[in-house]
Amino acid sequence: MTPNASTIEDNRLKSWACDKAQEIMLREGFRLIRSARTGSNTEIRETSLIMARVIAASLVEASSAGRPAGE
């Protein structure tokens, strides 16, 4: 039984989402850890907000046309 086009597209989106989440956590998560260890409460808050914005942007990217841009 072969998967239909919708299933293939869903799998591509899931794969993209996992890759994007890993990328965000590696980059922004590291910044948050670093600010938590060495920064002030203001810096921690700002870093957290940046991470939230990056996550929100990736959700918008994923929802646009039902798939990530550039794919």
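Throughout, read-outs are computed from the coordinates displayed, never taken from laboratory work. Just so we're clear, the structure is a prediction, and the values are computed from it rather than from any experiment. Reconstructed Cβ throughout: ideal geometry from the backbone, glycine too, with neighbour counts over all protein chains shown.
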(request) Identify the residues of region 9-34 with backbone N under 13 Å of a label point that sits 7 angstrom from the Cα of I50 along the Cα-to-Cβ direction, or state none. (result) 27-34
(request) Show that you can apply the helix-only estimate: for the chain, add -39,500 (n - 2.57) for every DSSP H stretch of four or more residues, divide by all residues, and state [θ] at 222 nm to the nearest 500. (result) -24500 deg cm²/dmol
(request) Taking the Cα centre of the chain as origin, work out the dipole magnitude from +1 charges on Lys and Arg Cβ and -1 charges on Asp and Glu Cβ, in debye rounded to 20. (result) 260 debye
(request) Only one of the values (1) 18.1; (2) 12.4; (3) 13.8 was calculated from this structure for Kirkwood radius over Cα pairs in Å; name its label. (result) (3)
(message) Relative contact order for the chain: what percent, with Cα pairs under 8 Å and sequence separation of 6 or more?
(response) 32 percent
